[in-house]
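Student: Got a structure for you, written out below as C-alpha cells; questions coming shortly.
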Amino acid sequence: MRSRTVRTLAVVLGLAPAAVAWKRADDSILSLRPGSRVWIEGTSTVRAFRCTADSVEARVVSTGRDAVSAVMAGAKAVLSAELRVPAARLECRNGTMNAHMLKALKAAEHPDITFTVSSYELGKRGDAAEGSATGELTLGGVRKTITVVGAVTARPDGALRIVGTHELRMTEFGLKPPSLMMGTMKVRELVVVGFDLLLQDAVDGIAASAR
C-alpha cells in the first residue's frame, strides 16, 4: 500500500497548540523509520492475543531541521503530526482472528485508524522526556478525545524513540469485540494499544511510513 499524505502525529513530541494546517518554507519533516511498531493486545475467554500493524504511516512537521535535538532539549519543535494505521494491515497471526478483528473494527467501511493530537504536556528528565498528549483517536469511524502517556528518548543513531501504551474499551467506539468458535472464544472489550515509534530528522518529504 502506498503511503498517503497525512497531517498530524505526536505522542509526547512537542506539539504546538491546535494543529497547524500549512507547512512553512523553513519547516521540516520528521521521517518514520523502519522498525516502528503499533499493536493491539487483549485477552479472551480462551487466550491472550496480539495484533501488530505491519504498516504504520505518519506525517510530522517540525520547526526546523534539528527537531530531534530540540525536542530532547524541551522545545516545542513539532508543528503538526498524525499517525495512521491501515486496519487491514493488522496481523494477529491467525487467519480466522484476522478476519474477525477486521469485521469488529469495521475496516471495510472505515479502513484507517488515526490519532491526531491537539495539546500536550512534556517534561524533561536527564536524557529522557515524558509527558502526555491529548488528541482525537478515530477507530471504526468513531472519533473520541483521549490522553496518551508516553516516554521519549534520543537513540545514539540520532533517532527519536517514542514508546507508550493506552487502554481503551472497544465498546466506547461502538465496536463489538470479536467472537470465534461458535461463541466459545470471546474477546474482552478492554484492549491495550501500544506504540514504539522511531523518528529521524529529514530535510523534506510528504509522508513517512514504516513496514
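Student: Using amide H atoms built in the peptide plane, which far-off residues or other-chain residues are under 5 Å from MET185 H to H?
Tutor: LEU180
Student: What are the ³J(HN,Hα) couplings of segment 37-50, residue after residue, when phi is run through the Karplus curve with 6.51, -1.76, 1.60 and θ = phi - 60°? Round to Hz, x for glycine and proline.
Tutor: Rounded to whole hertz, the list is 9, 9, 8, 10, 10, x, 10, 9, 5, 10, 7, 7, 9, 8.
Student: On a full-extension model of 0.36 nm per residue, what is the gain between VAL192 and THR145, subtracting their alpha-carbon distance, rounded to one decimal in nm? It would help to have the intermediate numbers written out before the result.
Tutor: On the way: separation 47, 0.36 × 47 = 16.92 nm, distance 1.62 nm.
Result: 15.3 nm gained on full extension.
Student: Report ³J(HN,Hα) in whole Hz for each residue of segment 193-200, in order, from the Karplus equation J = 6.51 cos²θ - 1.76 cosθ + 1.60 where θ = phi - 60°; Gly and Pro get x.
Tutor: 9, x, 8, 9, 10, 10, 10, 9
Student: Which value does Rg/Rh take for segment 28-210 over its C-alpha atoms, Rh per Kirkwood? Intermediate values should be presented prior to the final figure.
Tutor: Working: Rg = 17.1 Å, Rh = 17.2 Å.
On the Cα set of segment 28-210, Rg over Rh gives 1.00.
Student: What residues have an amide H closer than 5 Å to that of ARG37, excluding those fewer than 5 places away on the same chain, when H is modeled at 1.01 Å from N in the peptide plane?
Tutor: Distant-sequence amide H within range of ARG37: ASP196, LEU197, LEU198.
Student: Determine, from the Cβ-Cβ distance of GLU172 and LYS124 and an R0 of 35 Å, the FRET efficiency 1/(1 + (r/R0)^6), rounded to the nearest 0.05.
Tutor: Values: r = 32 Å, r/R0 = 0.93.
Once the sixth-power term is evaluated, E becomes 0.60.
No lab work stands behind these numbers, since they all come straight from the coordinates. None of these values were measured; they are calculated from a predicted model. Don't worry about glycine lacking a Cβ; one is built from the backbone with ideal geometry, like all the others, and counts go over all protein chains shown.
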